[in-house]
1. Inside the range 101-117, can you point out the residues that are closer than 29 Å to T165 by Cβ, among the acidic types (D, E) and open to solvent by 50 Å² or more (accessible area, probe 1.4 Å)?
2. Within the range 342-394, take every residue that is hydrophobic (A, V, I, L, M, F, W, C) and assigned to a strand (DSSP E or B) and give me the one that is farthest from the chain's Cα centre (by Cα).
3. Criterion first (under 18 Å from M337 (Cβ atoms), of a type outside the set (S, T, N, Q) and open to solvent by 50 Å² or more (accessible area, probe 1.4 Å)) does E370 satisfy it?
4. Being open to solvent by less than 20 Å² (accessible area, probe 1.4 Å) and touching a strand residue (DSSP E or B) at 6+ places or on another chain (Cβ under 7 Å) is the filter here, so list the residues in the range 82-95 that pass it.
5. With G183, G203 as the choices, which residue is on the phi > 0 side of the Ramachandran plot and either at pLDDT below 95 or not in a strand (DSSP E or B) (or both)?
6. Where residues in the range 163-208 are open to solvent by 30 Å² or more (accessible area, probe 1.4 Å) and among the small types (G, A, S), which of them is nearest to the chain's Cα centre (by Cα)?
7. Which residues, counting only those in the range 56-81, are open to solvent by 10 Å² or more (accessible area, probe 1.4 Å) and either touching a His at 6+ places or on another chain (Cβ under 6 Å) or closer than 15 Å to E13 by Cα (or both)?
8. Looking at the range 118-162, which of the residues that are among the β-branched types (V, I, T) and in a helix (DSSP H, G or I) is surrounded by the fewest Cβ atoms within 10 Å (Cβ to Cβ)?
Amino acid sequence: MITCANPNPTFQEKSPSYAHQSSGLSQWRRKYYALFWEQGLGKTKTSIEQAVMLYLSGEIDGVLIMAPKGAFLNWILEEIPKHLPEDIRYRAAYYSSGMRTRDRRIADQVCTSACDDILDFFAVNIEALSTTLGFTMAVNFCRSHYAMGIVDESTFIKSPAAKRTKSTIQVGRLCEYRRILSGTPMTQGPLDLYSQMEFLNPGLSGHRSFTSFRNEYAHIVTMTMGTRAFPKVVGFRNQAELSRKLLTFSDRKTKTECLDLPDKVFETMFVEWTPEQERVYRALRDSAIAEFDKGLVSSQSALTTLTRLHQINCGYVPMDNGDGVAEITNNRLSTLMDVVETVDGKAIIWARFRHDIEKITKALREEYGEKSVVDYYGGTSMLQRVENLKSFHDDDRCRFFVANAASAGRSLTLIEAAASIYYSLSYSLEEWLQSQDRNHRIGQTRQVTYMTLAVPNTVDTKLLKALQGKHDVATSILDNYRQMLDID
């Protein structure tokens, strides 16, 4: 409920802005706007601060965030607390099918009523908008608030026929202000823009249908297969006209343009537990705490327990007889695939466990093609390692280098990649630091972004915090063991 208005709001930044972010903030009054900034340029910060300006001016009292797995929880747990000014009172909630009762109760409250002098944030996985409950909660939030609607990584709504695209656009109609954020707005070509533009404003593209838009900007031939005929896009046209149209409602920034950036950016991509994971994790954790309280824990047993907890978060447990693993329903691999879709160019994917490396490479090959990925770990022969390195260096089709830090964390130069994704972490500080240096070294001309997948408030985040604090977990395991086991 909006109770005041200020035509010229100001606020004290919680985190300093770079020049391009200040320029982006100046567009806060726009009813609809796109930030097409490359990864690591601070789209989230600028969007939050635009929302603050609209809130202080009396235009909105809520922000609906629609984002893929890994990103939507990041807004609630990290980005809003990091960037929202200290004097702004707020509530933040999210929707997930597996959320805890307490979190669901908070979400219900935020989605059904606005409060005086409070800015509400509600985040939802874009896929959840395809479900009845997820869609209903988003709609309820918009109907109970004057809302800004934000689609983070907006290429996830590039397919006009997809249910998630239709649902997102429908929810967007209920928002007073709309924003889309993407570093790669055209992953497959200009036709990706139609649905993103429709979310911002109906008819923004100048066309009433995707078919009309496609006919304007694509070369199409009719293909036949048996008795069936269908249109096939073989190229694009009128690109200069489309670029001029984009300039009227968007801002495009690349890392090379923003010379005042830091050379490293670290991001956490949060992964949701499944109920099965939570049950297995808590059972092992409670047993470990009981053993610790009895004084029955050695450094080796503590390291083994933390490794098992980490593996549970990755979606499996090793069999007691050492013969394979038992899979647990999980969201980690699908979250990785969502993160990968947002990366422009090549990426290094670090994973600690052999099972994960094999699973990741299989999924990437199925999605992006046989030549898209190479591996580098204990199961890769020396001859194959040489060939894989050459492919990553020289073959544009080879986008992903999947490795563990124990095998690939030293000596290699991988500056073709400006993105590193940590699927799972080593407990060694040296391995973590060395792995960062594979693509952050002489010859790298771009800012490097490091993204870590983690289940909130578990061994994942506690391990990451320890490494960021320059603590070698492997050599001081008992000093921090009890704290690593706690669940906040």
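The values are calculated or read from the model by the stated rules, or taken from the named source; none is laboratory data. Just so it is clear, the structure is predicted and the values come from calculations on it, not from any experiment. Cβ: placed from backbone, ideal geometry, glycine included. Neighbour counts: every protein chain shown. The protein model used for the area step is the full one, side chains on, heavy atoms only, and it has no ligands, DNA or RNA in it. Shrake-Rupley method; radii C 1.70, N 1.55, O 1.52, S 1.80 Å.
1. Once the filter is applied, which keeps residues that are closer than 29 Å to T165 by Cβ, among the acidic types (D, E) and open to solvent by 50 Å² or more (accessible area, probe 1.4 Å), the range 101-117 yields only D108.
2. V374
3. yes
4. Within the range 82-95, L84, I88, A93, Y95 qualify.
5. None of the others qualify; the one that does is G203.
6. Of everything passing the filter in the range 163-208, G203 is nearest to the chain's Cα centre (by Cα).
7. L56, E79, P81
8. By that ranking, first place goes to T132.
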